[in-house]
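Peer 1: For reference, the structure I am asking about is given below.
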Amino acid sequence: MGRQQSAGGDPALVNLDALPLSAIRRISAVDAVEARIVLAVQLGLLMPGDRLPPPAVASTALGVSDASVRRAYRSLNAKGVLRSARGRAGGTFVAAEPGGSAPAALAAYQADRARVHALIDERAALEAGLAAVAAHAPDGASLTAMHDEIRRMHAAQDWATFREADAGFHDLLASAAGMPAAARLHRRISRELYAYFLPYPIAYLHASNEEHVHLLDALERRDSGRAALLARAHVAELHRSMYVGQEQRASDERSGPEPGAMPRSPSSNVR
């Protein structure tokens, strides 16, 4: 998503100028990072002992500055959610017993639930159409580049690195349709949605990468119908796998999901 800066030049604020008015527009980048990490811990996506990526890596995936991530890490360390360790095996980790009060910014994510679902629907419809067009006359260079992004995701060792490659894959898919205006719309909607993504277990993300493989195969076979169906399901799965779906299931079942366990349907994807 790249690092973002507010229109006023303050790098501590999330740049959401392209978005319609939303609750997360009114919170700082530091608060947004804190809220997303705490949500991931509460939902069992981040487990005690899990290492968080260095700020320089996490900042790109979260769309904020390095400084904002460092400040968020320090704040959550002081609150007992994270812990820091020095030395060769050092870094920032989820605490053994994450404690502390929930950040006030969590309310912004909860207030935007309906907006998140709407963004998912918009992206699912648009990506299905773009995939169908791209499959009609696939561009060899784009397909090769998509293969490269799949390999990057397969080799990724953390959620932040995976998310960057995932964004690259979907940008390439949108561009491959040869409809620049639609590709720009797809990119804008995707970036709006990325503002709500949480860290995920890398094993789950690696499993999701198989769906990229199936989608790319449909494009190479020029199977427009299958490409459209896979792309739609690929994105529509976010209704279930993003925090809006997980919180709803936890409420319905009166218990959270099994830690880190997020089984996937045959044609679904986290991104």
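Peer 1: Give me the distance in nm between label points sitting 7 Å out from Cα along the Cα-to-Cβ direction at Arg221 and Ala102, one decimal.
Peer 2: If labels sit at Arg221 and Ala102, their model points lie 4.4 nm apart.
Peer 1: Just grab the label-to-label distance for His154 and Arg249, each label 7 Å out from Cα along the Cβ direction, in nm (one decimal).
Peer 2: The answer from the label model is 2.7 nm.
Peer 1: R0 = 25 Å: FRET efficiency of Asn77 with Arg25, Cβ-based, nearest 0.05?
Peer 2: 0.40
Peer 1: Hey, another quick one. Quick check for me: using +1 on Lys/Arg Cβ and -1 on Asp/Glu Cβ, what's the dipole size of the range 82-142 about its Cα centre, in debye to the nearest 20?
Peer 2: With only Lys, Arg, Asp and Glu charged at Cβ, the dipole is about 480 debye.
Peer 1: Okay, moving on. Please work out the average accessible area per residue across the range 32-128, using the 1.4 Å probe convention, and give it in Å².
Peer 2: 42
Peer 1: If I model the range 91-228 as equal point scatterers sitting on the Cα atoms and use the Debye formula, what is log10 I(q)/I(0) at q = 0.12, 0.21 Å⁻¹?
Peer 2: -0.56, -1.32
Peer 1: Quick one: in the range 43-88, what % of C-alpha pairs are over 14 Å apart?
Peer 2: When all Cα pairs of the range 43-88 are counted, 55 percent exceed 14 Å.
Peer 1: Also, I was wondering about something else. Students often get this wrong: which residues of the range 113-128 have the backbone nitrogen under 19 Å from the point 7 angstrom along Cα-to-C-beta of Arg184?
Peer 2: Residues 123, 126-127 qualify, since their backbone N sits under 19 Å from the label point.
Peer 1: A further question follows. Ser84 label point, 7 Å along Cα→Cβ, cut-off 12 Å on backbone N: hits in the range 22-60?
Peer 2: Residues 55 fall inside that zone.
Peer 1: Oh, and also: Mind putting a number on the dipole of the range 138-202 about its Cα centre? Charges go on the C-beta only, +1 for Lys and Arg and -1 for Asp and Glu, and I need it in Debye to the nearest 20.
Peer 2: 180
The values are calculated or read from the model by the stated rules, or taken from the named source; none is laboratory data. Everything numeric here is computed off the predicted structure, so don't read it as measured data. Every residue, glycine among them, receives a Cβ derived from its backbone with ideal geometry; neighbour counts consider all protein chains shown. Areas reflect the complete protein model, heavy atoms only, side chains present, ligands, DNA and RNA absent. Shrake-Rupley method; radii C 1.70, N 1.55, O 1.52, S 1.80 Å.
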